[in-house]
1. Between Gln114 and Leu221, what is the FRET efficiency for a Förster distance of 45 Å, r being their Cβ-Cβ separation, to the nearest 0.05?
2. Run a plain Debye calculation on the stretch 163-267 (Cα atoms as equal point scatterers, no solvent) and give log10 I(q)/I(0) at q = 0.10, 0.12, 0.20, 0.22 Å⁻¹, rounded to two decimals, same order as the q list.
3. So what's the back-of-envelope 222 nm ellipticity for the chain, counting only DSSP H runs of four-plus at -39500 (n - 2.57) apiece and dividing by all residues, rounded to 500?
4. Return the sequence-ordered ³J(HN,Hα) values of the stretch 115-130 in whole Hz as given by the Karplus equation 6.51 cos²θ - 1.76 cosθ + 1.60 applied to θ = phi - 60°, using x for Gly and Pro.
5. Asp198's amide H: which non-local residues (gap 5+, or another chain) put their own amide H closer than 5 Å, with H modeled 1.01 Å from N in plane and none for Pro or chain starts?
6. Please turn the phi angles of the stretch 230-243 into ³J(HN,Hα) values with the Karplus equation 6.51 cos²θ - 1.76 cosθ + 1.60 (θ = phi - 60°), one per residue in order, whole Hz, x for glycine and proline.
7. With r as the distance between the Cβ atoms of Leu124 and Gln29 and R0 = 30 Å, compute the FRET efficiency 1/(1 + (r/R0)^6) and round to 0.05.
8. Determine the distance separating the Cα centre of the stretch 11-52 from the Cα centre of the stretch 189-244; give it in Å without decimals.
Amino acid sequence: MYSRVLRNFLTVADVGSITTAAETLNVSQPALTKSIQKLEAEVGTRLFTRVPKGMQLTKAGEILAHHARVMENEYRHARMRIAELSGAEQGGLRVGAGPIWLVRILPPAVAEFQKSHPDVRVTLVGGVIDTLVPALVSGDLDLICVSLDFPERSELTKIPLFEMNHIVVTDPSHPLANQGEVTAEDLSQQRWLTLKSDYVGTHRIFAFFAANGHEPPKISLETTSIHSLLETLRSGNYVAHIPEQMLELAQEKGLVKVDLSGTLWQTSAGLAVRRSAKASSALTSFMETVQAAIGQYSQR
């Protein structure tokens, strides 16, 4: 079973301090220190080094922390499935989601899911491919709803649900808003807004300009919030790309679609789950609810 020693170890790794970890775990510092020393003796190497600000994982510690988190998450899945045998659903689902999912598709899907699963807590975590895929692989998330424009991985299963076409939007006061057909050269000279850590998206945009023989544009602002990005666009000084499915939200904020000559970026979007983790009935039901929601959303 997932041990208290590993939980102690992960807590110290997370907070970087024996003192803070002891307070969090409600144990004495000597007891926690002894627990870490016992674990180091078992694995045969140091897991932490002392630094001015506290405790820092060694390379061996980083490896153990990764696998310990996987063990922690698999133990949680096991408890949920065991609870299902007695008809008692408990625990929760942790779902990672890209912007279009987070603000348009998942809110009604979660509400519909919880009509039949009122005791299952759903946690939605916003992000982009480059942050959500690693979290899914490590077990920190049970499911991600994203653009599927990332390399195939043996440990993951992709479930395509719809095509996502990216468009360029801006404020009506921006010069490109009323120019008519806009070229790659026009866009290369603009100031762009992007979502932070969206390296895949940014790479696709840069590839668009390279394919058209132009240098990549200047990225003026990165933000973790799609709402912040759209609000900043209203100044009339920037352009940004969003999934076409989010155009309605952009229009609600007074923004307009740029009449672009050519395709900026198109990819499949859908769900991804770990193959190693047998899906609980709650996760299976949630995925079915999301798939049904996609069908209804596409008909709007």
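1. Working: r = 36 Å, r/R0 = 0.80.
Once rounded, the FRET efficiency stands at 0.80.
2. Computed log10 I(q)/I(0) values: -0.23, -0.33, -1.03, -1.30.
3. On the way: 11 runs with 133 residues, N = 300.
That calculation yields -14000 deg cm²/dmol at 222 nm.
4. So the Karplus estimates, Gly and Pro as x, are 5, 9, 9, x, 8, 9, 7, 10, 10, 9, 10, x, x, 10, 3, 5 Hz.
5. none
6. Here the 3J(HN,Hα) series is 5, 5, 5, 4, 5, 5, x, 9, 9, 10, 7, 9, 9, x Hz.
7. Details: r = 36 Å, r/R0 = 1.21.
Calculated value: 0.25.
8. 43 Å
All of the numbers you see were taken from the coordinates with simple rules; none came from a lab. Keep in mind that what you see is a predicted model, and the values were worked out from it rather than measured. As a convention, Cβ positions derive from the backbone with ideal geometry for all residues, glycine included, and neighbour counts pool all protein chains shown.
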